[in-house]
1. List the lysines whose alpha-carbon lies under 27 Å from that of LYS22, not counting same-chain residues fewer than 8 positions away?
2. Please list, in order along region 114-123, the HN-Hα scalar couplings obtained from phi with the Karplus expression 6.51 cos²θ - 1.76 cosθ + 1.60 (θ = phi - 60°), rounded to whole Hz, x for Gly and Pro.
3. What is the local net charge at TRP80, summed over the other residues whose Cβ is closer than 12 Å to its Cβ (Lys, Arg +1; Asp, Glu -1)?
4. Taking R0 as 35 Å, what's the FRET efficiency between THR48 and VAL19 from their Cβ-Cβ distance, rounded to 0.05?
5. Which of the peptides 42-52, 74-84 is most tightly packed, and how do the rest follow, going by the mean number of other Cβ atoms within 10 Å of each residue?
6. Can you work out D for region 1-77 in µm² s⁻¹ from Stokes-Einstein, where Rh is the Kirkwood radius over C-alpha pairs, the temperature is 37 °C and the viscosity is 0.692 mPa s?
7. What number results when the radius of gyration of region 50-111, computed over Cα atoms, is divided by 2.2 N^0.38 Å?
Amino acid sequence: MPIGSGVVMGTIKDAVTGVPIKGVMISSDGMSGCCPSNGDGAYACSDTAGTYHFTCVHTNYRQQTKLITLPDSQTIIVDWSMHKLTRIKGHVYNADGTPASNCTMTLKNAGGAVIQTTVTDAQGFYAFPDRVLGGRSYGITCECRAIARTNQIPLGEDFRVVNFGSPA
């Protein structure tokens, strides 16, 4: 390790399952590049001694940033627990199989509290943005032309709504 630099190393794991996460990119406002986590979730990054914002980024997890001080000529251990993003998306169809547009889709938690609403597009597609969801299951309510229906979805799975009927 060059004089005037330090190393931060550790392991990055899924916050719920504890499984190591491969391919997390770690960067800081002091580094010119990134260092990735390996198949065991382990990483090691060197930087000039000082205090920096280190950030972990992975496509399927919520980004995290920590303020870390790297002592001169020392190695410190910093472990990370990242929360997985849940993608919820799907399509709504009329009874005749055509896409149902302008349907109000409501995402609710298991207790019935509204988390978010969105509207289907011309192709009947809807999507709730990537989000961290706690709990075990959620409901999606579809309100479209006097038809209302709720489907339960398990945590962490993509959901496709098919064949919602609507009156002629």
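Every read-out reported here was derived from the displayed coordinates using simple, explicitly stated rules and does not represent laboratory data. Please read all numbers here as calculations on a predicted model, not as lab measurements. Please note: Cβ atoms are built from the backbone with ideal geometry, for glycine as well, and neighbour counts cover all protein chains shown.
1. Partners found: LYS13, LYS66, LYS84, LYS89.
2. Per-residue couplings from phi come out as 6, 9, 6, 10, 8, 10, 5, 8, 4, 8 Hz.
3. Result for the neighbourhood of TRP80: +1.
4. Using R0 = 35 Å, I get an efficiency of 0.60.
5. 42-52, 74-84
6. Value of D from the Cα-based Kirkwood radius: 260 µm²/s.
7. 2.06
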